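Trainee: Mind having a look at this structure? Questions to follow.
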Amino acid sequence: MNFTDLTFWTFFALTLFAYWLIRDRFWQNLLALAVSYIFYGWASPWLAFMLGVSTLADFLLARGIRAQPGRTRWFLGLSLLLNVGTLAFFKYFNFFADDLAKTLDALGVDNDLLLVRILLPAGLSFYTLKKLSYMFDVSRGTLQPTHTLVDFALYVSFFPQIAAGPIDRPQKLLPQLETPRAWRLEYFYNAWTLLLMGLFKKLVIADSLKVMTDKIFGLEHPSIFLLSMGALAFTAQILADFSGYTDLARGLAWLFGFETSENFNRPYLALTPTDFWNRWHITLSTWLRDYIFFPIRRALMRSRVPLPAWLVLAVPPIATMFVSGLWHGAGWTFVVWGLYYGILISAYQLLGMRGEWRPKTAIGTGLAWLIMFSLIVFGWALFRAPSLAWLTAILFHAPFIQTRDDMALGLVAFSMAAFYASPLLIKLALDRFPRDGWFHAAYYALVTALIVVFLNSSSPDFIYFQF
Amino acid sequence: MKPFLRYLLLTLLLLVVTGRTIPRRYQIEFPRQPGPKFDSRVRNLYIDKLNAEKPDIVLLGDSMVSVGVDSVQLSELTGMTASNFDVPGSSSALWYLILKNNIVVAEHLPRAVVIVFRDTVLTAPGYRVHGSYFIQLDEFAYRKEKVLLERAYLNLMNPLEYGAEKYLPLYGARVDIRLEVDAFVRYALPARLGCDVKCIDGGFYRLFAGANLEPGQLQAAIASADQYLYDPSRLDFKSQASDSFLPEMIRLARESGIQLILVRLKSQRAASDNAERLALKGYIGDLSDYLAQSNAPFLDYGEDPRLKPEHYIDSVHLNAEGRAKFTQILADGLIEALK
């Protein structure tokens, strides 16, 4: 089931009605939990079973930490093994199995088992991080483990978030789950613009751009110009796709009476790589910052052997972004994409340009933005490239423009990117004014009309489902 | 409360305005008959081909036939003249139209029509009927194609969609509006720089031709497009058959005295899980029973061990060696079926 399917909306409307009909918090949570498992197990009940088992394991391990504080490391280690092991197996089995199978084949060893394709369960990467943050915080003593399995299971599996986040912290969602709630109109007012914008970004912007970006990134030898325009279109597509999903997830959560985290804050206006990651996929960035970046930096700063300042500055972002790359996918493009941002963050920081850095003049700001935006577009080219070999072959061997067709279709890609990004730019400008005025209302009315026009019988999955 | 009411008011206003302007601009009367509008022109391409070549056997199918069957070799092996009526990217809706509006109305009727398909295509009437595939269908459809309209479009609409198509101009004319938007986005900027519609369309055709695509991406695109065929509901033959074009194709062939032969060609696509593998097996079993009851021979090469992975260019298309191999296998099967 997808957030843009009519089946989903029918299912959602019925659930919502029943949810608010029940007044008792426990039964509301139980219903939301059941619905979350149906939603998640819709494609294959096996996925829901796996989610249930791993949730139960973490619930018990967290209780174990509380009951036996002396064995905290042991319980945490077990949880890490379970969560990271499962994620690594599903995510990287295919990646390593192919190479291993070839090696075994060369040695004449039977490798049939390695040729089995393992499909990554949708959302595994997202709910694993949610469970891990719960375990880390319980083990650090900054969070009391919950006593109710239903609440914890709902925190992990809450259906608007399970497929692609936001990766809400237990401190944000669990207290809300533990509080009684009754229907308030405020929930609807908070939800409707998010739902509208989510559908608009996905159905109108992302799906339209996808047609062109898939074509360009599907070519064997595109020219550099065509690739650049394709990357520009993909830059708009991925923002619309992912932030559209987040808007829908947040809107749906509001209708259930929950406030969930924002994931995007005008990311393409960033002036530095650190600034970009403070604005892009915020819940992932903060997760990586709190559980990977800070511990590494702390360890380096407390090192008994004195380390050079540049090393203490460079290693944490590179290591963190390397993990981020691995989290995004099993492939060298993702690894290099992560490292690319790690190096960029380190380089900017070594030059004294941290997240809050701002040039003093307007020209300086414009230039800093242009450089950062170009770096972001190049980053997305790395991310979307079918392989690293493909990208390096183009960057080092392809001509800037090969034929007149390259020029023409590059212009079409640019035109599409500009056209479909314009509603987002208009919204950006509109948001400088009070949001309850006529202009906003007119904008949303136009958005509704465009959704109606662009509604298709079927739509592709959200890009972030695959991570 | 106020912002939402303002939005509602403006949306209603917009619907009223578009309700007045759209019917005039696109010359559509509302309420309208839901589904696409076909023009009255029908291509005679295959009528002419039949009358000119007078083949004994006609092979209908998509690109699997184009690259997978050598009609000259097939003619030599069977001793019967064979002709390929293949349309790359086509599906059962187009095969039905070609059979109905070209083959059975030709002066020369072939002895047999052989439909080469993969897995569930025969009972997926909504497969490849939108966008550019619609243009392909329109070429062989008359203005009033009741069966086509019902099975490829109306049956697949939910009540909400049906109502919106019928009464809401903004939705009913969405294809025309999108075409206009797409044309603007696609042509306006390059035209200012000297590249007109012909230049852009030619560019698309040349640059995005199959030969220029990265093989892995091509595979992924095929797999993604074909996923529609393996949805659990489409793997249930009994629920799909009566609303598909298969019964109509069998009836048309029978009434015209043409022997309809259905050929399932192997694809190298791996099932996504065991449930899908079992469902497909059940589907093929039911299809086989149905065709046996309908006296339509079914040649199932879907699991044929003679067709190996090295005989394929990608997951569905045979290479030159595969083509020769399959043509030989098919010839043996057709001789047996037409005895």
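Trainee: Partner chain Cβ atoms within 10 Å, averaged over the residues of B:179-192 - can you pull that number for me? Kindly include the intermediate steps, with their values, before the conclusion.
Mentor: Values: counts 0, 0, 6, 4, 0, 2, 9, 7, 2, 4, 7, 8, 1, 1.
Mean partner-chain Cβ count within 10 Å for B:179-192: 4.
Trainee: If r is the Cβ-Cβ distance from B:Q293 to B:N212 and R0 is 45 Å, what FRET efficiency results, to the nearest 0.05? If you can, show how the numbers build up before the last one.
Mentor: Numbers: r = 46 Å, r/R0 = 1.03.
According to the calculation, E is roughly 0.45.
Trainee: OK, next. Could you check the simple spin-label distance between A:F17 and A:D436, using points 7 Å along Cα→Cβ, in nm with one decimal?
Mentor: Placing both labels 7 Å beyond Cα along the Cβ direction yields 3.2 nm.
Trainee: Calculate the mean, over all residues of peptide A:214-221, of how many other protein chain Cβ atoms lie within 10 angstrom of the residue's Cβ. Please list the in-between numbers first.
Mentor: On the way: counts 4, 7, 2, 2, 10, 6, 8, 2.
Mean partner shielding for this stretch: 5.
Trainee: Gain in length, B:S66 to B:E321, computed as 0.36 nm per residue apart minus the alpha-carbon separation, to one decimal in nm? It would help to have the intermediate numbers written out before the result.
Mentor: Details: separation 255, 0.36 × 255 = 91.80 nm, distance 1.42 nm.
Gain on extension, B:S66 to B:E321, equals 90.4 nm.
Trainee: Next question, about the same structure. Which semi-axes, in whole Å and largest first, does the equivalent ellipsoid of segment B:213-257 have when worked out from the alpha carbon gyration tensor as the square roots of 5 times its eigenvalues?
Mentor: Details: eigenvalues 201, 53, 5 Å².
Sorted largest first and rounded, they come to 32, 16, 5 Å.
Trainee: What percent does the relative contact order of segment A:121-195 come to when contacts are Cα pairs within less than 8 Å and at least six residues apart?
Mentor: Rounded, it is 38 percent for segment A:121-195.
Trainee: Give the Rg/Rh ratio for chain A, taking Rg as the radius of gyration of the Cα atoms and Rh as the Kirkwood radius, to two decimals. Write out the running numbers ahead of the final one.
Mentor: Values: Rg = 23.3 Å, Rh = 24.1 Å.
Here the Rg-to-Rh quotient is 0.97.
Trainee: Between segment A:22-79 and segment A:302-366, how many Å separate their Cα centres?
Mentor: 35 Å
Trainee: When the label point is put 7 Å from the Cα of B:Q73 along its Cα-to-beta-carbon vector, which residues of segment B:198-214 have a backbone N closer than 12 Å?
Mentor: Hits in segment B:198-214 for B:Q73 at 12 Å: none.
Trainee: So, with a 1.4 angstrom probe, what is the percent of accessible area on segment A:269-325 that is carbon and sulfur? Mind dumping the intermediate values first?
Mentor: Numbers: 1790 of 2620 Å².
Its accessible area is 68 percent carbon and sulfur atoms.
Trainee: Shielding of A:444-453 by partners, i.e. mean partner chain Cβ atoms within 10 Å per residue? Display every interim value, and only then the final one.
Mentor: On the way: counts 7, 10, 3, 2, 7, 9, 3, 1, 11, 10.
Across the residues of A:444-453, the mean count of other-chain Cβ atoms within 10 Å is 6.
Trainee: Then there is this: With labels modelled as points extended 7 Å from the Cα through the Cβ direction, what inter-label distance (nm, one decimal) is found for B:N158 paired with B:F204?
Mentor: So the label points at B:N158 and B:F204 sit 3.0 nm apart.
Trainee: Counting pairwise Cα distances across segment B:42-96, what percent come out greater than 13 angstrom? List each step's numbers first, then the result.
Mentor: Details: 897 of 1485 pairs.
Within segment B:42-96, distances greater than 13 Å cover 60 percent of Cα pairs.
Trainee: Sticking with this structure for a sec: In Å², and per residue, what accessible area does the protein assembly as shown have when probed at 1.4 Å with the other protein chains present? Display every interim value, and only then the final one.
Mentor: Values: 36820 Å² over 806 residues.
Solvent-accessible surface per residue comes out at 46 Å².
Trainee: Can you list the chymotrypsin sites (Phe, Trp or Tyr not before Pro) in segment B:115-144 that are in a DSSP coil and have 16 or fewer other beta carbons within 10 angstrom? Don't jump to the answer; show the numbers that get you there.
Mentor: On the way: sites: B:F117, B:Y127, B:Y133, B:F134, B:F140, B:Y142; in loops: B:Y127, B:Y142.
Here the chymotrypsin sites (Phe, Trp or Tyr not before Pro) that fit, given the DSSP loop and packing criteria, are B:Y142.
Trainee: Pop out the carbon and sulfur fraction of the accessible area of segment B:258-339 as a percent, whole number, probe 1.4 Å.
Mentor: Details: 2010 of 3880 Å².
Roughly 52 percent, rounded to a whole number.
Trainee: Roughly how many nanometres apart are two label points built 7 Å out from the Cα toward the Cβ at B:K146 and A:W46?
Mentor: The two pseudo-label positions are separated by 4.6 nm.
Trainee: Please give the total accessible area that chains B and A bury against each other, computed with a 1.4 Å probe and expressed in Å² to the nearest 100.
Mentor: Details: alone 18280 and 22460 Å², together 36820 Å².
Buried area (both sides, nearest 100 Å²): 3900 Å².
Trainee: Tell me what chain A gives for mean residue ellipticity at 222 nm when only DSSP H runs of n ≥ 4 count, each as -39,500 (n - 2.57), the sum divided by the residue total, rounded to 500 deg cm²/dmol. Walk me through the intermediate numbers first.
Mentor: Numbers: 20 runs with 325 residues, N = 467.
Here the helix-only value at 222 nm equals -23000 deg cm²/dmol.
Trainee: Now for a separate question. Give me the number: length gained by fully extending B:L338 to B:D176, i.e. 0.36 nm times residue separation minus the C-alpha to C-alpha distance, one decimal in nm. Could the numbers behind the result be given before it?
Mentor: On the way: separation 162, 0.36 × 162 = 58.32 nm, distance 4.71 nm.
Here the segment from B:L338 to B:D176 would lengthen by 53.6 nm.
Trainee: Something else now. Could you state the orientation-averaged shadow area of the convex hull built on the Cα atoms of segment B:92-192, in nm² to one decimal?
Mentor: Details: hull surface 38.6 nm².
With every direction weighted equally, the projected area is 9.7 nm².
Trainee: I would also like to ask the following. Have a look at segment A:382-396 and report residues whose accessible surface goes down by 30 Å² or more when the remaining protein chains are included, against the chain on its own, probe 1.4 Å, ligands and DNA/RNA excluded.
Mentor: By number: A:P386.
Trainee: Right, here's the next one. Suppose only helical runs count, i.e. DSSP H with n ≥ 4. What mean residue ellipticity at 222 nm does that imply for chain B under -39500 (n - 2.57) per run, divided by all residues and rounded to the nearest 500 deg cm²/dmol?
Mentor: Values: 15 runs with 171 residues, N = 339.
-15500 deg cm²/dmol, from helical runs alone.
Trainee: Which of rounded, prolate or oblate describes segment B:205-281 when judged by the alpha-carbon gyration tensor and an a/c cut-off of 1.5?
Mentor: oblate
Trainee: A further question follows. Give the carbon-plus-sulfur fraction of the accessible surface of segment B:61-114 in %, rounded to a whole number; probe 1.4 Å, heavy atoms of protein chains only.
Mentor: On the way: 810 of 1540 Å².
Answer for segment B:61-114: carbon and sulfur cover 52 percent of the accessible area.
Trainee: Using heavy-atom solvent-accessible surface (probe 1.4 Å) with all chains present, what is the largest-first order of A:R181, A:R432? Mind dumping the intermediate values first?
Mentor: Details: A:R181 20, A:R432 200 Å².
Greatest to least solvent exposure: A:R432, A:R181.
Trainee: Mind pulling the angle between the C-alpha long axis of helix B:320-337 and the longest principal axis of chain B? Nearest 10 degrees, somewhere in 0 to 90.
Mentor: The angle comes out near 70 degrees.
Trainee: What is the Cα coordinate range of the protein assembly as shown on the first, second and third principal axes, sorted by size from largest, in whole angstrom?
Mentor: 90, 73, 62
Trainee: Over the Cα atoms of segment B:195-339, compute the convex hull volume and normalise it per residue, giving Å³. Mind dumping the intermediate values first?
Mentor: Numbers: hull volume 25.3 nm³, N = 145.
Cα convex hull per residue, to the nearest whole number: 174 Å³.
Trainee: Right, another one. Counting only protein heavy atoms, probe 1.4 Å: which residues of segment B:199-233 lose 40 Å² or more of accessible surface in the full assembly compared with their chain by itself?
Mentor: Listed in order, they are B:F204, B:L207, B:F208, B:E214, B:Q217.
Trainee: Same structure, new question: Would you mind classifying segment A:159-296 by shape? Square roots of the alpha carbon gyration tensor eigenvalues, ordered a ≥ b ≥ c; an a/c under 1.5 is rounded, otherwise it is prolate if a/b is larger than b/c and oblate if not.
Mentor: Values: a/c = 2.80, a/b = 1.55, b/c = 1.80.
It is oblate, given that a/c is not under 1.5 and a/b is not larger than b/c.
Trainee: What percent do you get for the relative contact order of chain B when only Cα pairs under 8 Å and 6+ apart count? Please report the intermediate quantities before stating the final value.
Mentor: Values: 453 pairs, mean separation 82.8, N = 339.
Once normalised by length, the contact order is 24 percent.
Trainee: Over its Cα atoms, what ratio of radius of gyration to 2.2 N^0.38 Å does chain B give? Let's see the in-between values first.
Mentor: Details: Rg = 22.6 Å, N = 339, 2.2 N^0.38 = 20.1 Å.
Cα Rg divided by the expected 2.2 N^0.38 Å: 1.12.
Trainee: Further, regarding this structure: Take the Cβ-Cβ distance between B:I28 and A:L56 as r, set R0 to 35 Å, and report the resulting FRET efficiency rounded to the nearest 0.05.
Mentor: Details: r = 57 Å, r/R0 = 1.63.
Taking R0 as 35 Å, the efficiency between B:I28 and A:L56 is 0.05.
Trainee: Sequence gap at least 6, Cα distance under 8 Å: using those rules, report the relative contact order of segment A:262-346 to the nearest whole percent.
Mentor: On the way: 89 pairs, mean separation 20.7, N = 85.
It comes to 24 percent, rounded to a whole number.
Trainee: Also, quick follow-up: At 20 °C and 1.002 mPa s, grab the translational diffusion coefficient of segment A:347-467 from Stokes-Einstein with a Kirkwood Rh over Cα pairs, rounded to a whole number in µm² per second. Let's see the in-between values first.
Mentor: On the way: Rh = 19.0 Å.
Rounded, D is 113 µm²/s.
Trainee: Length gain on complete extension for the stretch A:W332 to A:R354, per 0.36 nm per residue less the alpha carbon to alpha carbon distance? Intermediate results must be reported in sequence, preceding the final value.
Mentor: Values: separation 22, 0.36 × 22 = 7.92 nm, distance 2.76 nm.
Full extension of this stretch gives 5.2 nm more.
Trainee: OK, next. Set the bar at 18 Å for Cα to Cα. Now go through B:K54/B:K146; A:K91/B:K308; B:K100/B:K144; B:K49/B:K339 and name every pair that lies beyond it. Provide the component values of the computation, followed by the final result.
Mentor: Working: B:K54/B:K146 30 Å; A:K91/B:K308 30 Å; B:K100/B:K144 13 Å; B:K49/B:K339 26 Å.
Beyond 18 Å: B:K54/B:K146; A:K91/B:K308; B:K49/B:K339.
Trainee: Please enumerate, by chain and number, the aspartates and glutamates with C-alpha under 17 Å from the C-alpha of A:K360, excluding those fewer than 8 residues away in the same chain.
Mentor: Answer for A:K360, where 17 Å is the Cα cut-off: A:D275, listed by chain and number.
Trainee: A further question on this structure: Say a paramagnetic label sat at a point 7 Å from the Cα of A:T86, along Cα to Cβ; which residues of segment A:151-179 have their backbone N under 11 Å from it?
Mentor: Within reach of a label on A:T86: A:157.
Trainee: Once phi is turned into ³J(HN,Hα) by the Karplus curve 6.51 cos²θ - 1.76 cosθ + 1.60 with θ = phi - 60°, what whole-Hz value does each residue of segment B:222-227 show in order, with x for glycine and proline?
Mentor: 5, 4, 5, 5, 7, 4
The values are calculated or read from the model by the stated rules, or taken from the named source; none is laboratory data. In this text the structure is predicted, and so the values were computed from the model without any measurement. Using ideal geometry, Cβ is built from the backbone for each residue, glycine included, and neighbour counts are taken over all protein chains shown. Remember, those area values only see protein heavy atoms, side chains included, never the ligands or the DNA or RNA. Shrake-Rupley method; radii C 1.70, N 1.55, O 1.52, S 1.80 Å.
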